[in-house]
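The numbers here are math on the coordinates, done by the rules we state, and not lab data. Since we're looking at a predicted model, the values are computed, not measured. For neighbour counting, all protein chains shown are included, and Cβ atoms are generated from backbone atoms with ideal geometry for every residue, glycine included.
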Amino acid sequence: MLWCRHLSKRFGEFTAVDNVTFEIPAGTICALLGPNGAGKSTLLKMLTGLLEPTSGEASVLDKREIGVLPENLGLFDDLTIEEHLELTGPIYGLSSFETRSRTEQLLSALGVQEGRRTFLSQCSHGMRKKTSLAMALLPNPRVLFLDEPFEGIDPVTAETIRLLLISIARRGVTVLLSSHILSLVDRLAEQIMMIRKGQLVWNSAISELPRGLEEHYFELVEAPLEQDLPWLGSQAS
């Protein structure tokens with residue numbers, strides 16, 4: 001189980017995360033939703049130990065028991081995809097054999113075998129994201145933190161990652177991810193949390209939403225702008 005109690009983070013006079021409390025059962029995929037600047041990344045950084053909370057507490061496993069796909073992906077342009085994984089294994093105490101074996105399986109599962117010797121400076125955004133995800137999965141984490149895993153990637157890559165997350169959650173891995181892609185979250189998450197201006201404004205099983213995910217998000221968190229620009233298209237005819 002992953003949990004936090006009254007977690008807050010302030011930067012000077014600005015409160016990025018305000019008194020957040022929740023728990024996520026083991027083996028659950030939970031989506032953290034909210035607009036840009038709502039506090040999603042700050043909350044994830046506190047839970048993974050990258051930021052110290054101003055107040056409150058959270059359960060943080062041993063660093064070798066968590067996997068993290070960070071906002072900036074944490075990659076090195078002068079290393080290949082394969083070299084990233086080869087260097088990650090020993091950090092988590094994996095033997096050379098375990099590292100090689102898991103690397104082969106991850107490269108295959110994520111569809112990047114052919115590009116394994118490509119330097120990250122030459123990789124597409126999708127390949128970079130899959131490399132960072134492979135690094136997060138390599139140590140066989142009990143809890144997986146993913147900051148925008150579906151942002152900027154093609155539909156096939158997104159579906160590959162979605163199916164993989166469902167598979168590992170069935171084997172007991174807890175997944176907390178942030179995302180703006182509501183249609184995909186609707187087919188993936190079992191628990192939904194919504195954050196607005198640093199405050200948690202919704203937390204429930206997705207089956208308990210009173211209406212569709214997108215409709216509920218627009219009503220509770222951020223409504224789309226509806227402003228016409230009549231000069232656009234005025235000469236089209």
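What the Cβ-Cβ distance of residue 76 and residue 226 gives, at R0 = 35 Å and to the nearest 0.05, is a FRET efficiency of 0.20. Distance between the 7 Å Cα→Cβ label points at residue 95 and residue 1: 3.6 nm. The peptide list 19-31, 127-139, put in order of mean Cβ contacts within 10 Å with the highest first, becomes 127-139, 19-31.
Taking the Cα centroid of region 38-58 and of region 160-183, what is the distance between the two, rounded to the nearest whole Å? Their Cα centres are 21 Å away from one another. With the cut-off at under 19 Å, measuring from each backbone N in region 24-53 to a point 7 Å along the Cα-to-Cβ line of residue 199 picks out 33-43. Note on region 75-140: Cα Rg divided by 2.2 N^0.38 Å, N the number of residues, gives 0.98.
The structure-derived value of volume of the Cα convex hull per residue in Å³ appears in the list (1) 160; (2) 170; (3) 127 under the label (2). In this simple spin-label model, placing a label point 7 Å from the Cα along the Cα-to-Cβ direction at both residue 215 and residue 26 gives a separation of 3.8 nm.
Pick out, in residue order, every one of the GluC sites (Glu not before Pro) in region 148-237 that is DSSP loop and has at most 10 other C-beta atoms within 10 Å; say none if there are none. All intermediate terms of the calculation are to be shown ahead of the outcome.
On the way: sites: 151, 159, 190, 208, 214, 215, 219, 222, 226; in loops: 151, 190, 222, 226.
Listed in order of number, the matching sites are 226.
Modelled spin labels at residue 13 and residue 63, positioned 7 Å past Cα toward Cβ, are 3.5 nm from each other. Annotation: amide H-H contacts under 5 Å for residue 201 (H modelled 1.01 Å from N, sequence separation of 5 or more, or interchain): 194, 195, 196.
Grab the Cα-Cα distance for residue 113 and residue 50, subtract it from 0.36 nm times how many residues apart they are, and report the gain in nm with one decimal. Walk me through the numbers on the way to the answer.
Values: separation 63, 0.36 × 63 = 22.68 nm, distance 3.10 nm.
Contour length minus the Cα-Cα distance gives 19.6 nm.
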